[in-house]
1. Output the Kirkwood hydrodynamic radius of the range 494-578, Cα pairs only, in Å rounded to one decimal.
2. Kindly sort Val281, Val196 by accessible area of their heavy atoms, largest first, with the probe set to 1.4 Å.
3. Binning at 10 angstrom from zero up to the longest distance, how are the C-alpha pair distances of the range 299-474 distributed in percent?
4. Under 14 Å Cα-Cα from Lys39, which aspartates and glutamates qualify once same-chain neighbours fewer than 8 residues away are excluded?
5. Nearest 500 deg cm²/dmol is fine: what mean residue ellipticity at 222 nm does the chain get from its DSSP H runs of n ≥ 4 alone, each adding -39,500 (n - 2.57), divided by its residue count?
6. Per the Debye formula with a single identical scatterer at each Cα and no solvent contribution, what log10 I(q)/I(0) holds for the range 5-264 at q = 0.08 Å⁻¹?
7. Compute the angle between helix 503-513 and the longest alpha-carbon principal axis of the chain, please, reported from 0 to 90 degrees and rounded to the nearest 10.
8. Suppose every Lys and Arg Cβ carries +1 and every Asp and Glu Cβ carries -1, with no other charges. What dipole size does the range 477-601 come out with about its Cα centre, to the nearest 20 debye?
Amino acid sequence: MNDLILTERRDGILVVTVNNPPVNALSPGVPEGLVAAVKAGNAEAAVKAIVIIGGGKTYIAGADIKEFGKITSGERGGIALAPLLREIEDSNKPVVMAIHGTALGGGLETAMAGHYRVAVATAQAGQPEVKLGIIPGAAGTQRLPRLAGTAKAMEMCAFGEPVSAQDALAAGIIDEIVEGDLLEGAIAFALRTPGVRRTRDLTAKLATPEEAESLAVAVKATAARKMRGQKAPLAAVECVAAASRLPFDEGCEYERAAFEKCLFDVQSKSMIHAFFGERTVAKIPGLSKDAAIAGVKRAAITGAGTMGGGIAMVYANAGIPVLLKDVSEEALERGMATIRGNYENSVRKGRLTSADAEARLARITPVLTYDGFDQADVVVEAVFENLELKRKTFAEIDAVARPGAILASNTSTLDIDAIAGATSRPEWVIGHHYFSPANVMRLLEIVRGKATSDSVIASSMELARRLRKVGVLAGNCRGFIGNRMFGAYRGEAVMLVEEGATPWQVDQALYDWGMAMGPFAVGDLAGLDVGWRIRKEFRHLEIAGKRYPEAEDLLCERGWFGQKTGRGWYEYDAQRNASPNDEALALARDYAAQRKINQKKFTTDEIIERTIYALVNEGARLLEEGIAIRPVDIDMVYLLGYGFPVWRGGPMFYAGCVGLPRVLDAVKRFEWEPAPLLAQLASGPSGFTGWSAR
Ligand code: ZOZ
């Protein structure tokens, strides 16, 4: 045994505690230590049964994810966890698993290798491996259907969502919910167990092979829709189905082969990058360690439009009371009606109880004046995207907000310093850029101005976590990280159309590649006039002789702004079903003829390279300028805010997978100016990996 596993004897029960903080992952030494403890318990005459429990805040939260990269890089051999778990199951004395916190992945697999499981009411259990692009690899797909039935196991392994202790009890995954102290309850349970009961021997709940096959067809169809492009969910379903056909040991072999195939696939590398990325972006290098974090008890928002209303819901959902101000009764009523409608929808879909919805709605107070804003710890400006209006609004906020309140702008492109300059306290001003719909999208782009204090940055990052968002820190420039790159990407898409591609061809290529929506469909959804207005405003900054994507302006000049006007690149019927707008394409073709732009046919690969490498090249510039701190910050912005497929890891990670020399070659072939950092890193050994602006 080792430090990772602690043992004590209580009432003839051997209590084995996993001691591997913070989440008791199955790092090397943990499963081996558990097996050694179980064997020791078997050898000791006075021990009647064994209880395995997690120390600290949780039971075992799964395999040690850091180890996977070492395996795929060849730094170490594979992990043969299943045979170790089998040794636990082979125990001749009953093994009771005591679960609190989360029993996830290899954690649930370990729990199922015990003979019984008890849990506290707040515990959760699940097989979330698909979220990392892999599948259970330690017999989870074989033991779970034996405990919970094939249908439940398939659903849990395919979609990766954890279940509550109550659900787990009803499904047969656990045997008892313990009220009061978990260890006491587990010991009491162990003292009255009837004897060993090996999960691998249970077969009553397994579907017949035929039933399992038809269940698999249905679950795979849902997974193909909900987790488009991902291989692991399909593999997980096949393994659960195999449990109905194959004896346990052969099922484990089948699962192991499928697990390894997933583990070595670039999809899992990408998704593991995203898992750690979500946690890395919370850590800001160079931020003063003493930066005080202001707690937020009350919030106030000005602007009750789509964004302001969505942001009010974000605060209300996190339990923070919020004032929502607009200038007219009518605008306010419209904003509140949308919010009410959204909550009613959630109740109808069973996502919220009506009591919950009422409580959340009650946290939002509509107001017509700044009365009460002096009580807010954070004031969010969400007025129309216009610099003068924002400056005027910030001057008003400055006059009413209490000293020490965070003053946040939801601007998506404007200069934070110019906004902060309208106040007497620019160090308290910061960008909180939400993504539409604000109450759904997980990204919060946090934009530091040149005067923003470390404490306001640290407080905003902490606030993001509380609001259940992932905060990514960006520097101040037009469009910050997300929209500046998006401008390059959409611009390239428009130029493809100017050169002979069709908008629907470009959209289809990128959708099939994995993007949630194509760039033209996104433009129509967001409103083509938004980009048009910005292009007009910044025309004076354009470089003479340089080509800019302009064909879209012709649509805007006709009032074709997209969905809201019924036509843009597409035409929309009353139900908002889209069909190609051939007249828009004709406008683009006329534009090309006037400008004498050569026409050609594009392959899917060319479309992908032109658009995705535009993201990469612009991303490299943002890194160089220090607007984005690390490549992973860019990746998280794209994964969480722009519908970039998680199984491709984000634009910068994807570029590394393609190989930077290849990306650079293409950039040169397209006659773009390569970002110097891209050129520099393409000649080095590690690409973007490990690069940091600070
Ligand atoms: O951390 C949350 C969570 O969801 N963790 C991941 C759980 C998971 O996905 N488990 C499945 C892993 S894959 C697996 O188990 C495969 C399998 O079947 C085994 C097969 C092997 C067989 C091989 C055969 C060839 C959790 C809900 C647990 C806790 O959330 P919190 O918000 O409280 O805490 P976090 O997320 O900030 O985490 C705290 C620190 O712990 C690190 N961490 C979390 N889970 C880890 C892990 N590190 C390694 N492995 C894990 N499973 C996390 O990165 C964070 O670190 P810091 O440095 O940022 O603090």
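The values are calculated or read from the model by the stated rules, or taken from the named source; none is laboratory data. Since we're looking at a predicted model, the values are computed, not measured. Every residue, glycine among them, receives a Cβ derived from its backbone with ideal geometry; neighbour counts consider all protein chains shown. For the accessible areas, the whole protein counts, side chains as well, though only heavy atoms, and no ligand, DNA or RNA atoms are used. Shrake-Rupley method; radii C 1.70, N 1.55, O 1.52, S 1.80 Å.
1. When all Cα pairs of the range 494-578 are included, the Kirkwood radius is 13.6 Å.
2. Numbers: Val281 0, Val196 60 Å².
So the residues, ranked largest to smallest area, are Val196, Val281.
3. Answer for the range 299-474: a P(r) of 11, 41, 36, 10, 1 percent.
4. Glu87, Glu89, Asp90
5. Computed mean residue ellipticity for the chain: -15000 deg cm²/dmol.
6. With one equal scatterer per Cα and no solvent, log10 I(q)/I(0) is -0.28.
7. 20
8. Working: 18 positive and 18 negative charges, 95 e Å.
Dipole magnitude for the range 477-601 comes out near 460 debye.
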